[in-house]
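The values are calculated or read from the model by the stated rules, or taken from the named source; none is laboratory data. Just so we're clear, the structure is a prediction, and the values are computed from it rather than from any experiment. Every residue, glycine among them, receives a Cβ derived from its backbone with ideal geometry; neighbour counts consider all protein chains shown.
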Amino acid sequence: MDKNAVMIEYIKRCPEIDRLCFISAEVKDGVQSFVPISNERQMAKYIDGSTLKYYDFALFEFTGGNADPLPDNGAETHENVQNYQKLQSIIDWISTRRKAWDFPDFGEDCTVRDIYSLSANPVMSGIEKEKIFRYMIQIRVEYIQGDL
């Protein structure tokens with residue numbers, strides 16, 4: 001089973017994912033990129049032969065930014081604050097899926113045990129071109145491969 005394809009379809013269910021690319025993306029406001037980090041990282045091997053593995057990926061979002069200082073009042077109207085809240089809602093969506101035990105399906109030989117963001121907040125990972133901010137969210141899926 002192609003775990004990348006499974007995870008792409010899973011993450012596309014999030015209402016905030018609307019311009020998703022795979023690995024590469026045009027540096028343009030609103031473009032999102034799915035980048036696999038590892039999909040077979042073995043963390044433990046059990047006596048029954050099954051293994052605990054991690055599938056890690058990152059979501060990058062390029063979003064327009066504003067270099068103006070925050071206003072004295074009404075910071076929630078500032079473009080950067082609004083963009084950050086949108087990105088935070090992706091992490092919140094993952095958390096909601098986790099609480100509902102709504103996990104991706106990696107096939108018969110795998111049992112997904114957990115999904116979560118590796119950070120509590122989106123991370124600004126750079127500025128591209130002029131006023132295009134690059135944010136990153138890393139997500140991990142823990143699963144058992146083999147008979148339980």
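In the list Asp29, Asp56, Asp48, which residue meets the criterion of being over 22 Å from Asp102 (Cα atoms), surrounded by 13 or more Cβ atoms within 10 Å (Cβ to Cβ) and not β-branched (Val, Ile, Thr)?
Numbers: Asp56 fails: over 22 Å from Asp102 (Cα atoms); Asp48 fails: surrounded by 13 or more Cβ atoms within 10 Å (Cβ to Cβ).
After applying the criteria, what remains is Asp29.
Scanning segment 118-136 for any residue that is under 20 Å from the mean Cα position of the chain (by Cα), in contact (Cβ under 8 Å) with a residue 60 or more places away in the chain, within 14 Å of Thr51 (Cα to Cα) and part of a strand (DSSP E or B) turns up nothing.
Determine whether segment 17-35 contains at least one residue that is of a type in the set (Gly, Ala, Ser) and touching a Cys at 6+ places or on another chain (Cβ under 7 Å).
yes
Looking only at segment 96-114, residues that are part of a loop (DSSP other than H, G, I, E, B), surrounded by 17 or more Cβ atoms within 10 Å (Cβ to Cβ) and without any contact (Cβ under 8 Å) to a residue 40 or more places away in the chain come to 1 in all. Pull out all pairs, ordered by first then second residue, where Cβ-Cβ is under 9 Å, the residues are six or more apart or on different chains, the first lies in segment 65-91 and is farther than 17 Å from Gln138 by Cα, and the second is among the small types (Gly, Ala, Ser) and at pLDDT 75 or above. Pairs that qualify, where the first residue is farther than 17 Å from Gln138 by Cα and the partner is among the small types (Gly, Ala, Ser) and at pLDDT 75 or above, are Glu79/Gly64; Glu79/Gly65; Asn80/Gly65; Asn83/Gly64; Asn83/Gly65.
Return yes or no: is Lys28 at pLDDT below 95 and closer than 15 Å to Cys110 by Cβ? Show your work before the answer.
Working: at pLDDT below 95: yes; closer than 15 Å to Cys110 by Cβ: no.
No: the conditions fail for Lys28.
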